[in-house]
Structure formats: C-alpha cells, structure tokens
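Each remark here refers to the structure printed beneath this line.
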Amino acid sequence: MTRTVDLVISGGGPAASGIAVDALRRGRRVLIVLRSSDARRARQLRRWIQRTAGQDSGRLRVMTGAEVVCVDGVDAVEAIVVRQTGTGLLTAVNASAFVSCDDSS
C-alpha cells in the first residue's frame, strides 16, 4: 500500500500535535505514526487536532501500532517506510517532510 502526504510525524505528544495543527492550517496532508495501539487515544488525538486546526478529517490520518523504519530521498525527503509492529507489514508513504517527536506515544 502506498500513500501520499505532505508531512509524516512520528509521535503523538504535545509537540507532534502542535506541528500537525500548524500543517493542517496551511493546507497540508498529515500522517501521524503512533507506536501505541490504543485506538481510543488515537481518536482523542485526531479529534483534538481537527478541532484545534478547524479542519475536516480528509487531510489527517493517524496510524497506530506502527513505527517509522526508513526515511529516504535524494536532496530531500521523498519516501518513508512504516512498519506495523504487530504484523511486520510495511507501508510506503510518499512524503515531502518528516518530523520525529517520539516521546511516550
């Protein structure tokens, strides 16, 4: 599976939320990758970010139970590989930016 977004954020703490809100306000498509498999926490995070950014859900995705394993590109970020921790399934994401805000997510 391949997805295309403008920004991938690894982590779900306050810094990641703030970056996501700013990107959404600028019209960017955002993917947040969380290590936690807690669907309830992911829903709360998604709702808070959408409410704060004043945006609909079409440009924000939250992937749970996953980790970023590779960021690659020539002269800039072009592709990010995310692994589902439970299954090992790899997902390729076309992206032009990556931010790591790993904390307790």
Seminar exercise, completed: Filter the stretch 1-15 for residues that are out of contact with any Lys or Arg (no Cβ under 8 Å at 6 or more places or on another chain) and at pLDDT below 95; the one that is nearest to Ser100 (Cα to Cα) is Gly11
Seminar exercise, completed: The residue that is surrounded by the fewest Cβ atoms within 10 Å (Cβ to Cβ), considering only those in the stretch 34-87 that are part of a helix (DSSP H, G or I) and among the hydroxyl-bearing types (Ser, Thr, Tyr), is Ser57
Exercise. Are any residues in the stretch 54-101 without any contact (Cβ under 8 Å) to a residue 40 or more places away in the chain and small (Gly, Ala, Ser), and if so, which ones?
Worked result: Gly54, Ser57, Gly58, Gly65, Ala66, Gly73, Ala76, Ala79, Gly88
Exercise. So which pairs qualify, if the first residue must be in the stretch 1-27 and closer than 15 Å to Arg41 by Cβ and touching a residue at least 12 places away in the same chain (Cβ under 8 Å), the second must be among the aromatic types (Phe, Trp, Tyr) and part of a helix (DSSP H, G or I), the Cβ gap must be under 7 Å, and the two must be at least 6 apart or on different chains?
Worked result: Ser17/Trp48
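The values are calculated or read from the model by the stated rules, or taken from the named source; none is laboratory data. Being a predicted model, the structure only gives us computed values, none of them experimental. Heads up, the Cβs are rebuilt from the backbone with ideal geometry, glycines too, and the neighbour counts pull from every protein chain shown.
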